[in-house]
Amino acid sequence: MRRTTSVLPTLAALAAAVTLSGCAVGPDKRDPMENWNRAVFQFNDTVDTYALKPVATGYKNVTPTIVQTGVSNFFGNLQDLWTGANNFLQGKGREGASDLGRVALNTTFGVLGLFDIASEAGLPKHKEDFGQTLGRWGVQSGPYMMLPLLGPSTLRDTVGLPLDIAADPWGYKDPVNVRNIGAGVRVIDQRAALLDASTLLEDAALDRYEFIRDGFLQRRQSQVYDGEVPQTKSEENVPEQPAVKPTGEGATQ
């Protein structure tokens, strides 16, 4: 399941927003650890540039598309289990039942999830984690955090991360060497799906750190509220703009 096509317009729109808001000054209240986060970002970027991105590029170039799709579908099918549990925890019973239906259908008729039969059958794919569940329960996101190797997060999402990891069925796969190989392939496949989007980001962003931070926080808030962010919540995450003193004939002296 390749998501690059839907990501590109979003990244282009975010690039324009970052450009237009470039005149903002002063520290961002959402990112009180910016200096530390930028250092971690630089570390992650170096690892990606010299290790992960080249491997993902090779994987995309030599692996048949049908195999890449099968890998994404397989791990996505495992993820649907935890997504369903989180939908139930958020009180979204219909979505949770749909997620479990997806797992049942794809695991059987989809050959252990290699084929996404459920989407064709009208069961849409969702993506929920415990950080989103905490957000639906009213837990504030807290400060922005850049995690080593794992990338953008918030304090709330970081607190929920251990449970997300523990709930991943692949983490219990035996033997261990098969588990590790699968985990590596999973990461490479996910990075390969974002190659085109990351190229656009590199070309469009004036400050890639700010671009990723602002885009992540906006997208994350949208995920918590399923795209229907309350106005008061939306305003909380809008960076303050510096006051502009009017000039010209109409200005007040």
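Peptides 77-85, 42-50, 194-202 ranked from most to least packed give 77-85, 194-202, 42-50, packing being the mean of other C-beta atoms within 10 angstrom over each peptide's residues.
To the nearest whole percent, what portion of all C-alpha pairs in the stretch 26-81 is separated by more than 16 angstrom? Here the long-distance tail beyond 16 Å is 65 percent of all Cα pairs in the stretch 26-81. Spatially, the stretch 25-50 and the stretch 125-154 are offset by 17 Å when compared through their Cα centroids. Summing Lys and Arg as +1 and Asp and Glu as -1 over all other residues whose Cβ lies under 12 Å from the Cβ of ASP214 gives a net charge of +1.
For THR154, the residues whose amide H sits under 5 Å from its own are MET145, ignoring neighbours fewer than 5 places away on the same chain, with H placed 1.01 Å from N. Under conditions of 25 °C and 0.890 mPa s, the stretch 38-156 yields 149 µm² s⁻¹ as its translational diffusion coefficient, taking Rh as the Kirkwood radius over Cα pairs in the Stokes-Einstein equation. In order along the stretch 179-195, the Karplus-derived 3J(HN,Hα) couplings, from 6.51 cos²θ - 1.76 cosθ + 1.60 at θ = phi - 60°, round to 4, 5, 4, x, 5, x, 4, 4, 5, 5, 5, 5, 5, 5, 5, 10, 4 Hz, and Gly and Pro are given as x. Rg over Rh for the stretch 139-205 works out to 1.06, both radii taken from alpha-carbon positions and Rh defined as the Kirkwood radius.
Values quoted throughout were computed directly from the atomic coordinates according to the rules given, and no laboratory measurement underlies them. Quantities reported herein were computed from a predicted structural model and do not represent experimental measurements. With ideal geometry, Cβ positions are generated from the backbone for all residues, glycine too; neighbour counts draw on all protein chains shown.
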